[in-house]
Each structure stands twice: as C-alpha cells, then as structure tokens.
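J.: Structure below; questions to follow.
Every number in this text was worked out from the coordinates using simple rules, so none of it is lab data. Note that the structure is a prediction, hence the values are computed from the model and not measured. Ideal geometry is used to build each Cβ from the backbone, glycine not excepted, and the neighbour counts take in all protein chains shown.
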Amino acid sequence: MADMNPQLRLFSDSYNDKGYSSTNHLSTALLQQSELLSPVVTHLYGSDKNFGSKNFPLSFVTEGLGNTRGIKTMEYRYPVIGRPKKSSRVAKSLYTAGQKPGVGHSEFKITFEDRWFHKSLTIISSSRTVARIKSNPVKVGTMWEYTCELVNPSSTAFCPLKDLQAGAKWGRMVATVGAEASRGVESRSYSPGMATNQLSLVRDSYSFRGNVQNKVMVIEIKADGKVYKFWSEWELYLRNLEFKEKCETLLWYSQYNKDESGEIHNIDEDSDEVVPLGAGVLQQIPNSSTYSFLTTKKLESIITDTFFNASDAQAVNVEIFSGTGGLREADRAMKAASSGFTLVDSKQIKGEGWNMMFGSYFSVYRHIDGHTVTFRHLPLMDGGVMADISDPHPIDGLPLESYNMYILDNSVYDGQKNIQYVYEIGREMIEFAVAGVKVPLGYPNTSFRATDRDASSIHWMKSQGIQIMKPTNCFKLFCDIS
C-alpha cells in the first residue's frame, strides 16, 4: 500500500524503542516546536467512530457482543501518522546449512536490525514459524541479538534457515507471560511525522517518565470522535488500539504449545511459570486448500462441504473473512460467472448525461441449497502483522495474506454459537497503574506512590481464547499464486 510522497513530508514518523516515552522522545520527534500550521493529524490508514467493530471483527462478534464463556482454569488518526511498525528484519544469518536452530526445545539466536522487539514477545515469520523471545536484546555492533525459543511443542521442530537469513521479516504479536507472578513488559511507541485448548494470558504496558504526561501537544489530534491535547493521552489511546489489535491477532494466529505429554516448554523468565498459549482460529481449522484465481466452482465446492456439515444448525450463519485482495477475487469470480447476464440499469450503471457512475460489487454468494455466504472484510489481512511480513501479490501488489480466505461457520448449534470467546473468571481484563512521582492522567491521585522513581506505567492483562466447537465446519483457502 502506497504511503505519502517522501518529498512532501517535513519529517518522518519516528519509532521510540527505549521502553519509556519521555520529553526527550518528543524533542527527537520534533513535537515541541513553537508553531505548526496544521491543527490536526492525518491518520493515513483510517480512524473513525466504527474503528473497533470494523478492525477487530472477531473480538467484536464474540467478546463485544457478549458471546463469551468464563472458565475457572487456564485450560479447557490531522499531522500525518503512518502504519504502526509491526515487524523487523533479520540483519545477519548466524547459522549454516545443515544446522537445526531451536531443535529439542533449545534456545537459538536471531540478530535483527533494530531493537523493536522485546523480552516475552511472541514473534512470527513469513513462513508462520512462531517463536518467543526469552531475554532483552543485546547490542552487537549496529545490530541487536535476541535469544529465542520455538512455540512448537515438538522436540523435532526447528526454525527453517530461510527465516534466519539476512532480510527475512518477523512480525510481533503480543507478549505472553506465565500463569502467575508475571512482570510488566516493555512498551514501544511511535510518533506522528510532519480452543482441547487453553487460554493465553497476555499483557501490554505503557511506560512514561518525567513530565511527558503534562506536555500539551502543538497539534490537537482528532480520532474516533475525540480530541487529544496531551501527549500521554494520545499515546495511551494508541496503546489501547494496539493492544486490541494484538489480542485480535492472537485469536486468529495463536499456536497451541502443549506437547503430546501435556508439557509446556515456554517458561516465563521472571516467574519460572509456564507460558500457556491456546490454539487460534487458523490452527483449529483442519480443512484447507489453495487457489491462484478464484472461481465460483471452487467456492461452490468448498461451501457445499461447509453447509453439508452444518445441516444440523438451528440458525445457519457462514461468513468468509478476507482482505481487500480476497474481496476483489470474490467479486471477479462472481462477475465472470454472471458474464452471460446483463448487469445494467440500476445494477451496474447508474446516472445520466455527464453524471454517470459505473460499479457494482458482489459481496454475498447464494448457494444452490438457498443458504447465503457473506464476505467480510478483515483489516488485519491488509495491514496486520501477517500482512506486514507477507510477500506481495504478483499482479495487484497487495500482501498475499490479503488474498487468503477464512470460512467460518458461526451458526447456532444446540442453543449456542459455534465460535465462542473464552476467558478465565476473575482475569477477564485487568487494568492498573503503577504510579511514580507522577500519577497517570485519569487515575486517582493520592499521596501514596508505588515507586519513588520519576517514571510511571499503565498495564493491561487479560486471559483470552477462541474456541470453535465444530472446526470441521470451517475452511482455510490460501492464495498460492506465484
């Protein structure tokens, strides 16, 4: 996706990887200059009042609509702002042909170009290898070396060497921590420029120091119907959105990390507790296929199987989640199949004289048995972490992830939804502040402090999981065009 012409930027977005947001960060980002002509920030990638429901649809239709189940155990934006940084590139290969990094649950090293990742973070490669960072990065020359471990519970699994070659991209998901006694994780920030299954326990933190929270920005940032004047308010808003995106990402892409004997090999370094990770939507779906160019024949075959398995549903509701590329393919396929029909008048062409409009797009497919399937846009597949590290489509240039399609049966069976959001009772969502000299805005101000440091932080922790009761009713369709 194209960004602004670099010649038109006064200065670029800046990414703060120091762990704390501070007045030094603002000065480096040139956000304390005396005058600025533009009064608002340009949110290049979209922000409006429906941001949450549109961008986190799985969370919205489950957790957001109360389609949840609590369990007692862990098992069972106008200046310019661009796309958030979600990935880093390998700077140097540390392994040679024949080696098997990470085999037998051993630690292995990855050298990245920057220190955007941090300890406890779960990262994923473009080949979908999932690893967890065990320690803070160590600077080696101009590069940063990370100690990692695989999430895959198999003792024979190892990290493919192609994922460790210079230039290979890895994307960040969310920090995963032990079931008890975990510690807060580092935060990263950026500035505007001119389900057997188990739950995952996830955390995120926003840390700041000095007097940054009382710094009035030289610009007022309008986003989602609100106006932000203080820098810390804006960063806290971004952290909330990013945490929602990280959690949504984990619901889709998370990988189950118990081995065949029920042992978890990922250990929280701060507490020595195991780090549970539940299977996300994609790992739960056993059925998959590939396509280069979508056809209605391919759609009909897949949906026939889906509806056949859903024959006992009390209320059939099958949806296909995809990115912009997948929606285009669906539209092309249905238009190609309807080429023998005349799609004019109020269908394809509207208007008269010099005020004509061309364009009518298919988003619903009616199966031969009368059921309908609706295509839903999943923004994560266009701009999420997997899209960020995905190869480009050779024709349209969008990420290949944008062309994948995930067919979900969200029908009702025996009075309950097939897809359910699961959480541990008492740890649905916990938010708290650790106050230093300054108390974070919006939190009670008392004479007591948790630390004598001139630094404060806000923390979020929640247990979450997604469970598909009938995963065989769902399907994964991957685009393999080359």
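J.: Under a plain spin-label model, where a point goes 7 Å from the Cα along Cα-to-Cβ, how far apart in nm are VAL412 and LYS72?
T.: Placing both labels 7 Å along Cα→Cβ, they lie 2.9 nm apart.
J.: Using +1 at the Cβ of each Lys and Arg and -1 at the Cβ of each Asp and Glu in the stretch 377-462, identify which of ILE407, LEU441, ALA387 lies farthest towards the dipole's positive end.
T.: About the Cα centre, the residue reaching furthest to the positive side is LEU441.
J.: If I model a spin label at GLU260 and GLU113 as a point 7 Å from the Cα along the Cα→Cβ vector, what separation in nanometres do I get?
T.: Taking the simple label geometry, GLU260 and GLU113 are separated by 4.1 nm.
J.: Compute the separation of the alpha-carbon centres of the stretch 106-157 and the stretch 414-455 and state it in Å as a whole number.
T.: Rounded to whole Å, the Cα centres lie 28 Å apart.
J.: Can I ask one more? Collect residues whose amide H, placed 1.01 Å from N in the peptide plane, falls under 5 Å from the amide H of VAL174; neighbours closer than 5 in sequence don't count.
T.: THR122
J.: So for the stretch 237-316, averaging the separation of alpha carbon pairs under 8 Å that are six or more residues apart and normalising by length, what relative contact order in percent results?
T.: 24
J.: So for the stretch 254-320, considering every pair of alpha-carbon atoms, how many percent are separated by more than 14 Å?
T.: Within the stretch 254-320, distances greater than 14 Å cover 73 percent of Cα pairs.
J.: Another question, then. As a footprinting exposure proxy, order MET469, MET334, MET381 by other Cβ within 10 Å, with the fewest listed first.
T.: Taking fewest neighbouring Cβ atoms as first place, the list is MET469, MET334, MET381.
J.: Continuing with the same structure: Give a residue-ordered list of calculated ³J(HN,Hα) values for the stretch 110-115 (Karplus: 6.51 cos²θ - 1.76 cosθ + 1.60, θ = phi - 60°; whole Hz; x for Gly, Pro).
T.: 10, 9, 9, 6, 9, 10
J.: With a sphere of radius 12 Å drawn around the Cβ of PRO101, what net charge do the other residues whose Cβ falls strictly inside it have (Lys, Arg +1; Asp, Glu -1)?
T.: 0
J.: In a shell of Cβ-Cβ distance under 12 Å around THR295, excluding THR295 itself, what net charge do Lys and Arg (+1) and Asp and Glu (-1) give?
T.: +2
J.: I'd like the Karplus ³J(HN,Hα) series for the stretch 382-388: coefficients 6.51, -1.76, 1.60, θ = phi - 60°, whole numbers in Hz, and an x wherever there's a Gly or Pro.
T.: With coefficients 6.51, -1.76 and 1.60, one gets 9, x, x, 5, 5, 5, 5 Hz.
J.: What is the sum of charges, Lys and Arg at +1 and Asp and Glu at -1, for the other residues whose Cβ falls under 14 Å from the Cβ of TYR443?
T.: With Lys, Arg at +1 and Asp, Glu at -1, the net is 0.
J.: Let me ask something else about it. Using each residue's phi in the stretch 130-144, evaluate 6.51 cos²θ - 1.76 cosθ + 1.60 at θ = phi - 60° and report the 3J(HN,Hα) Karplus result to the nearest Hz, with x for Gly and Pro.
T.: 10, 9, 10, 7, 9, 8, 5, x, 10, 6, 10, x, 9, 10, 10
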